[in-house]
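Peer 1: Here it is, the structure, as structure tokens.
The values are calculated or read from the model by the stated rules, or taken from the named source; none is laboratory data. If you're wondering where the values come from, they're calculated on a predicted model, not measured in any experiment. Cβ atoms come from the backbone with ideal geometry, glycine included; neighbour counts cover every protein chain shown. The area values use the complete protein model at the heavy-atom level, side chains included, leaving out ligands, DNA and RNA. Shrake-Rupley method; radii C 1.70, N 1.55, O 1.52, S 1.80 Å.
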Amino acid sequence: MKKGSLLAVAGLVICFAVPAFAQQKNTADSKIVQQRDLLGVAKAIDDFGALSLKLDEAFNKNDASAIAALFTEDGILVTSDGMFSGRQAIEKRYADIFQRWPITTFSGQRYQLNAIDNAVWSVGEWWSTIQSETGPKFEGGYWSAIYIHEGNAWKIRMLTVSGRPQPSRD
């Protein structure tokens, strides 16, 4: 009998509480932010194309300082080997990487570019050839970034970089 009563109460809650919750109106405190696709906007393509070109050039020159300069002062880099906060930490991380595995070629592709309020987010793919201890090695992966306008330029506020999974050697 108790089991049946519980099911009846649960049914009433689902019938009345869930629809009432779903019909709640936005209050003055809540704000729905609209996203805008920027891939067809010429000015955005120019601005972020120039930023991407600077980033590609810095990677191809193994220039950790130039890469860090594209971040905001409090920018964050998230990679498989950790989180690096601030330009100095980001510069040190890339300087260490370039010391161990110099990049011989680097390039990337942007697949989405969207604005939300005063920020822009983007996702894409990257690939490079590095000089490893055993010779040239091809690597690639994916990235996502959040940009904000700082001064008269767009800067990277957060960059997340991941590598492609390595094939298993079974």
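Peer 1: Is at least one residue of the range 135-149 surrounded by 15 or more Cβ atoms within 10 Å (Cβ to Cβ), touching a Pro at 6+ places or on another chain (Cβ under 9 Å) and aliphatic (A, V, I, L, M)?
Peer 2: no
Peer 1: Something else: List, please: which pairs have Cβ atoms under 6 Å, are six or more places apart or on different chains, and start with a residue in the range 78-103 that is over 15 Å from Glu133 (Cα atoms) and end with one that is open to solvent by less than 40 Å² (accessible area, probe 1.4 Å) and among the small types (Gly, Ala, Ser)?
Peer 2: Arg87/Ala68; Ile90/Ala68; Glu91/Ala64; Glu91/Ala68; Tyr94/Ala64; Ala95/Ala64
Peer 1: Which of the residues spanning the range 43-98 are touching a helix residue (DSSP H, G or I) at 6+ places or on another chain (Cβ under 9 Å), within 19 Å of Ala153 (Cα to Cα) and charged (D, E, K, R)?
Peer 2: Within the range 43-98, Lys54, Glu57, Glu73, Asp74, Arg87 qualify.
Peer 1: Which residues, counting only those in the range 36-58, are farther than 18 Å from Ile116 by Cα, of a type in the set (Gly, Ala, Ser) and touching a strand residue (DSSP E or B) at 6+ places or on another chain (Cβ under 8 Å)? Before you say what the answer is, go through the steps one by one.
Peer 2: Narrowing the range 36-58 to residues farther than 18 Å from Ile116 by Cα: 46, 49-58.
The next check asks that each one be of a type in the set (Gly, Ala, Ser); those that pass are 49-50, 52, 58.
Result: Ser52, single match.
Peer 1: Additional query: Can you name every residue in the range 143-170 that is out of contact with any Lys or Arg (no Cβ under 8 Å at 6 or more places or on another chain) and among the hydroxyl-bearing types (Ser, Thr, Tyr)?
Peer 2: Across the range 143-170, the qualifying residues are Ser144, Thr160, Ser162, Ser168.
Peer 1: Now a separate question. If you check Asp37 against the conditions, is it charged (D, E, K, R), out of contact with any Cys (no Cβ under 8 Å at 6 or more places or on another chain) and modelled with pLDDT of 95 or more?
Peer 2: Taking the combined requirement at face value, the residue does not satisfy it.
Peer 1: (1) under 30 Å from Asn152 (Cβ atoms); (2) at pLDDT below 95; (3) among the charged types (D, E, K, R); (4) more than 18 Å from the chain's Cα centre (by Cα): which one isn't true of Glu133, the others all being true?
Peer 2: Looking at each condition in turn, Glu133 falls short on (1).
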